[in-house]
1. Ala167: among the aliphatic types (A, V, I, L, M), touching a residue at least 60 places away in the same chain (Cβ under 8 Å) and either out of contact with any His (no Cβ under 7 Å at 6 or more places or on another chain) or assigned to a loop (DSSP other than H, G, I, E, B) (or both), yes or no?
2. If only one of Thr8, Thr18 is open to solvent by 70 Å² or more (accessible area, probe 1.4 Å) and either touching a helix residue (DSSP H, G or I) at 6+ places or on another chain (Cβ under 9 Å) or of a type in the set (Gly, Ala, Ser) (or both), which one is it?
3. Can you name every residue in the stretch 47-86 that is within 15 Å of the chain's Cα centre (by Cα), among the charged types (D, E, K, R) and closer than 27 Å to Gly29 by Cα?
4. Out of Asp102, Asp141, which single residue is surrounded by fewer than 16 Cβ atoms within 10 Å (Cβ to Cβ), within 20 Å of Pro5 (Cα to Cα) and acidic (Asp, Glu)?
5. Can we say Ala184 is hydrophobic (A, V, I, L, M, F, W, C) and either surrounded by fewer than 16 Cβ atoms within 10 Å (Cβ to Cβ) or touching a helix residue (DSSP H, G or I) at 6+ places or on another chain (Cβ under 7 Å) (or both)?
6. From the list Pro159, Pro124, Pro136, which one is assigned to a loop (DSSP other than H, G, I, E, B), open to solvent by 20 Å² or more (accessible area, probe 1.4 Å) and under 18 Å from Val92 (Cβ atoms)?
7. Going through the stretch 23-49 one residue at a time, which ones are of a type in the set (A, V, I, L, M, F, W, C), within 19 Å of Pro138 (Cβ to Cβ) and open to solvent by 90 Å² or more (accessible area, probe 1.4 Å)?
8. Would you check which residues across the stretch 59-89 are of a type in the set (A, V, I, L, M) and over 24 Å from Cys158 (Cα atoms) and list them?
Amino acid sequence: MGLAPLKTFGIARVIATTMQAISGAGYPGVPSMDIMGNVIPFIGGEEEKMQQETQKILGEFRGDHIEPLAARVSAHCNRVPVVDGHTVTVSVEFSSKPALADVRRAFDTFTSVPQQRQLPSAPPRPVIYREEANRPQPRKDAECERGMAAFVGRLRACPALDYKFVALGHNTVRGAAGAAVLNAELMHSEGMLDR
């Protein structure tokens, strides 16, 4: 979700490091003595999945297939002792070279089909920028907007790529159950469930 508003600038390369909540491990999750006061720098298959899914989700539908986003994506995935909310630090390079103000405006003005159709589960603003220097944070932001919005913050120049920022999403609401409901609402609005 944090990258979706930035597609217009031509995403060329992405480096993302996730700090994933323990609820993302499913039930019964990670043993308490393994995660408390610890960071686990490996989640089996997650890095490959994140790299491929980013290209697929941000790709273009071409009638009978999805043309993946032509960007190089590198992911590091970590499990952290947070109950809900996956945090991602992102560095991104663009084929066009937007000004910082243009990137910020893209976050602030982004909407998509769920907002245009006013679907019941869609938040009015799918991506919300947090001004505070120490946000977004799972404990303070993940539950906002019923868990259905993504939060971004700390947008700044990146010395390796073009810009970097922090993104946060509620993994069990927006990332799983809520996304399934929103997808069903979208399919219904397309007439796909009436067949």
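The values are calculated or read from the model by the stated rules, or taken from the named source; none is laboratory data. All of these numbers come straight from a predicted model, not from anything done at the bench. Cβ sites come from the backbone with ideal geometry, for glycine too, and all protein chains shown count toward neighbours. Please note that ligands, DNA and RNA were not included when accessible areas were found on the heavy atoms of the full protein model with its side chains. Shrake-Rupley method; radii C 1.70, N 1.55, O 1.52, S 1.80 Å.
1. Working: among the aliphatic types (A, V, I, L, M): yes; touching a residue at least 60 places away in the same chain (Cβ under 8 Å): yes; either out of contact with any His (no Cβ under 7 Å at 6 or more places or on another chain) or assigned to a loop (DSSP other than H, G, I, E, B) (or both): yes.
So Ala167 fits the description; yes.
2. Values: Thr18 fails: open to solvent by 70 Å² or more (accessible area, probe 1.4 Å).
Answer to the selection: Thr8.
3. Of everything in the stretch 47-86, those that are within 15 Å of the chain's Cα centre (by Cα), among the charged types (D, E, K, R) and closer than 27 Å to Gly29 by Cα turn out to be Glu47, Lys49, Glu53, Asp84.
4. Result: Asp102 is the single residue among Asp102, Asp141 that is surrounded by fewer than 16 Cβ atoms within 10 Å (Cβ to Cβ), within 20 Å of Pro5 (Cα to Cα) and acidic (Asp, Glu).
5. On the way: hydrophobic (A, V, I, L, M, F, W, C): yes; either surrounded by fewer than 16 Cβ atoms within 10 Å (Cβ to Cβ) or touching a helix residue (DSSP H, G or I) at 6+ places or on another chain (Cβ under 7 Å) (or both): yes.
So Ala184 passes the test.
6. Values: Pro124 fails: under 18 Å from Val92 (Cβ atoms); Pro136 fails: open to solvent by 20 Å² or more (accessible area, probe 1.4 Å).
On inspection, the qualifying residue turns out to be Pro159.
7. Looking only at the stretch 23-49, we keep the residues that are of a type in the set (A, V, I, L, M, F, W, C), and these are 25, 30, 33, 35-36, 39-40, 42-43.
Applying the additional criterion that residues be within 19 Å of Pro138 (Cβ to Cβ) yields 25, 30, 35-36, 39-40, 43.
Across the stretch 23-49, the qualifying residue is only Met36.
8. Applying the first criterion (of a type in the set (A, V, I, L, M)) to the stretch 59-89 yields 66, 69-71, 73, 75, 80, 82-83, 88.
Hits for the stretch 59-89 are Ile66, Val80, Val82, Val83.
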